[in-house]
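First comes the structure, then the notes that go with it.
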Amino acid sequence: MDMNQAKEWLDKATGEAQEVIANPSQVDQILIQLEDKLKEVPAIGDTLSGLPTMIAMVKAWVTKEYTEVSPKVIACLVGSIIYLLKKNDLISDRIPIIGIADDLAVVGLALKLSEQELEAFRNWRANH
């Protein structure tokens, strides 16, 4: 792919994104599709497949659209996202492979500890 092709693709994707952003239910659909896609990623797919649901649940809780989850669970999930985004954590992200491993472990643990709440949110989202 050359730069012109990449620019054409990006322009098209940007137009599609603007349409999606204008419709909150389409944003949720994108997150659901991302969750399905992440499940296909070798090795880390199972660990990260719940990440889009986690993001959607935190957003729904913050906007008070979905409040059937403990603030403690929300804090755990947001904390794991913050850890993922931090540049200075236990193992520097500059170290190939190992540097991201601790980030994935923290997010994976938060997802594991919140499985029931995430599943309840998935069910709620499917019915609304």
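The values are calculated or read from the model by the stated rules, or taken from the named source; none is laboratory data. Note that the coordinates shown come from a computational prediction; the quantities given were computed from them, not determined experimentally. All Cβ positions, even for glycine, are placed from backbone atoms using ideal geometry, and neighbour counts span all protein chains on display.
For residues in region 90-101 being surrounded by 13 or more Cβ atoms within 10 Å (Cβ to Cβ) and outside any loop (DSSP other than H, G, I, E, B), which is modelled with the highest pLDDT?
Step by step, filter region 90-101, then rank; the result is Ala101.
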Of everything in region 49-89, what is among the small types (Gly, Ala, Ser) and either touching a Pro at 6+ places or on another chain (Cβ under 9 Å) or surrounded by 18 or more Cβ atoms within 10 Å (Cβ to Cβ) (or both)? Give them in sequence order. Ser49, Gly50, Ala56, Ala60, Ser80
Filter result for the condition that a residue is modelled with pLDDT of 75 or more and either surrounded by 11 or more Cβ atoms within 10 Å (Cβ to Cβ) or not aliphatic (A, V, I, L, M) (or both), over Ile44, Ile32: Ile32
Scope region 102-122; condition of a type in the set (Asp, Glu) and exposed (fewer than 14 other Cβ atoms within 10 Å of the Cβ); matching residues: Glu115, Glu119
When (1) more than 19 Å from the chain's Cα centre (by Cα); (2) of a type in the set (A, V, I, L, M); (3) outside any helix (DSSP H, G or I) are applied to Ala13, the one that fails is (3)
In region 42-58, anything touching a helix residue (DSSP H, G or I) at 6+ places or on another chain (Cβ under 9 Å) and free of Cβ contacts under 8 Å to residues at least 60 places away in the same chain is listed as Gly45, Asp46, Ser49, Pro52, Ile55, Val58
Answer with yes or no whether Met3 is among the aliphatic types (A, V, I, L, M) and surrounded by fewer than 10 Cβ atoms within 10 Å (Cβ to Cβ). yes
Taking first residues from region 99-111 that are in contact (Cβ under 8 Å) with a residue 40 or more places away in the chain and acidic (Asp, Glu) and second residues anywhere that are in a helix (DSSP H, G or I) and surrounded by 14 or more Cβ atoms within 10 Å (Cβ to Cβ), the pairs with Cβ under 7 Å that are 6 or more apart or on different chains are none
